Amino acid sequence: MEPPYSVLADALSKYQSSPDWVQALWLVAVPVTVVGSVACVMRGVTAIVLALLARRRGPEGAASGAEIDWMAVPGEERAPPLAARRIPRLPGRGP
């Protein structure tokens, strides 16, 4: 009787028989893909949480900076509020 086919065993044998540069490419590509996927999911979760906070506050708008400080990166400067930013105007355009 023949043993059942295993996709994992087949992939491992193909990996072991591939050239060194292909093995190195797989060793880099898989973690980069996982980290990128986690970053995309976390960005989506952050957007959903901020939308829920803004919805909970009502029509006044989004959550204040104090409510989203848990998302701040330590040692990173906070951006000034939009009202304090100087927005450049294009020449030939209205005010």
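Is the range 1-55 rounded, prolate or oblate when judged by the Cα gyration tensor, a ≥ b ≥ c being the square roots of its eigenvalues, rounded requiring a/c under 1.5 and prolate requiring a/b larger than b/c?
oblate
With a Förster radius of 25 Å, plug the Cβ-Cβ distance of Thr46 and Tyr15 into 1/(1 + (r/R0)^6) and report the FRET value to the nearest 0.05.
0.10
Read the figures in this text as sums done on the coordinates, not as results from a lab. Source: prediction; values computed, not measured. Here Cβ is always computed from backbone atoms with ideal geometry, including for glycine, and neighbour counts include all displayed protein chains.
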